[in-house]
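Read-outs: derived from the displayed coordinates by stated rules, not from any lab. Not measured: the values here are computed from a predicted model. Here the Cβ positions follow ideal geometry from the backbone for every residue, glycine too, while neighbour counts run over all protein chains shown.
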Ligand SMILES: Cc1cc2nc3c(=O)[nH]c(=O)nc-3n(C[C@H](O)[C@H](O)[C@H](O)COP(=O)(O)OP(=O)(O)OC[C@H]3O[C@@H](n4cnc5c(N)ncnc54)[C@H](O)[C@@H]3O)c2cc1C
């Protein structure tokens, strides 16, 4: 008899499965690979009335110290293949559990170009499509042409086109949490051998540059998302100042502001780093202090890009609903502070 290795485990620690290295355990935990595995885990959650959280490589999440009182699903479908090609372009399909670095390496091995601009960004295909990862002007959504998602309610696999995702900055339809990404198909340019060699060099260079410039361990990358144009009033060089790091930088908190074992990186004002002994509560409290300082000085509240898991609502963070209408005195105060 063919016995599937797939099983749902209980009380599985999550601290070793996220980049902050903090947080408690999952009450239930599964690593589905096949569509059947996905469907049966979702059925299990439905029958028991459990909350669901889909975990990638944990590079953009903060898990509560109390853990997650539901089912954590960590997609483990890790196949990558060239599914179609003509003389100039090819389609590559990658499972949700494939890491972005593995996908880029596969593409470069097959002389398929474009994704190397996203080199060095930690994460899986699932988490990266969820947030539409970006680096400077390059967005993952530029390459995605179609995907397959599993409906959380019915467990059914559904093919979807790029438009279905309604991609934006830090956004995709997956945020509604009604579907889990099963796999995604990317369209890439077929390069010559020389172009592929150049792309490999560029990939290494981007990765090296990122590791030198930003913290790479014990962090989720940028903790807060940049502001939208309509959320800010400060203008610099004729442009709305949307970069959250601009405001955080002005506070002089880099390498200075800390709570317990969590500190604002000395390299980047929008990155929080676990010095080694931080708890998730330390990290969340530090993030809230950063929000409060920005609010006091600029009248705006940074919103987390980092997904909070197992907290009630936004947990200890300032709720967006508390966002104050920027008054003219706030703006004057902000101008003075800048
Ligand atoms: C050092 C560092 C640098 C970073 N630099 C960048 C950067 O330059 N640009 C950038 O955009 N991001 C950056 N990030 C953030 C992070 O790399 C991305 O958000 C990445 O996509 C997270 O992928 P993950 O698999 O780890 O997702 P996780 O952190 O595990 O999950 C993130 C979200 O995705 C959801 N999710 C995961 N898998 C699925 C799935 N299969 N279906 C549906 N939802 C799913 C989760 O439920 C969660 O809400 C950085 C992070 C770190 C630690």
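Considered as an equivalent ellipsoid built on the Cα gyration tensor, the chain has semi-axes of 34, 27, 19 Å, the largest given first.
Report the calculated FRET efficiency for residue 88 and residue 266 (r = Cβ-Cβ distance, R0 = 51 Å), to the nearest 0.05.
0.65
Distance between the modelled labels on residue 78 and residue 51, one decimal in nanometres: 2.9 nm (7 Å Cα→Cβ projection).
Cβ-to-Cβ counts within 10 Å put 34, 265 in ascending order as 34, 265, the fewest first. Residues 173, 99, 219, 83, ranked from the fewest to the most other C-beta atoms within 10 Å, line up as 83, 173, 99, 219. Comparing Cα centroids, region 260-309 and region 33-112 end up 28 angstrom apart.
Listed by Cβ neighbour count within 10 Å, with the fewest neighbours leading, 161, 33 appear as 161, 33.
Normalised by the number of residues in the chain, the mean separation of alpha-carbon contacts (under 8 Å, six or more apart) gives a relative contact order of 16 percent. Counting DSSP beta bridges in region 9-73, what percent are antiparallel, to the nearest 5? Of the beta bridges lying entirely in region 9-73, close to 35 percent run antiparallel.
Here, region 9-73 is characterised by an Rg to Rh ratio of 0.97, where Rg is the alpha-carbon radius of gyration and Rh the Kirkwood radius.
Relative to the current alpha-carbon distance between residue 69 and residue 217, full extension at 0.36 nm per residue lengthens the span by 50.6 nm.
For the chain, the share of DSSP beta bridges that are antiparallel, to the nearest 5, is 80%. Segment residue 292..residue 243, full-extension length gain: 16.0 nm, with 0.36 nm per residue of separation and the alpha-carbon distance subtracted.
Expressed as a rounded percentage, what relative contact order does region 3-46 have, with Cα pairs under 8 Å and six or more residues apart?
Values: 45 pairs, mean separation 15.9, N = 44.
The normalised contact order for region 3-46 reaches 36 percent.
For the chain, the longest principal axis of the alpha carbon atoms and the long axis of helix 280-298 meet at an angle near 50°.
Is it possible to state the helix-based mean residue ellipticity at 222 nm for the chain, with each DSSP H run of 4+ residues giving -39500 (n - 2.57), the sum divided by total residues, to the nearest 500 deg cm²/dmol? What is it?
On the way: 7 runs with 88 residues, N = 338.
When only DSSP H runs of four or more count, the value is -8000 deg cm²/dmol.
Each label was represented as a point 7 Å from its Cα along the Cα-to-Cβ direction; for residue 193 and residue 277 these points are 5.7 nm apart. For residue 236 and residue 10, FRET efficiency with R0 = 51 Å and r from the beta-carbon atoms, rounded to 0.05? Once the sixth-power term is evaluated, E becomes 0.45.
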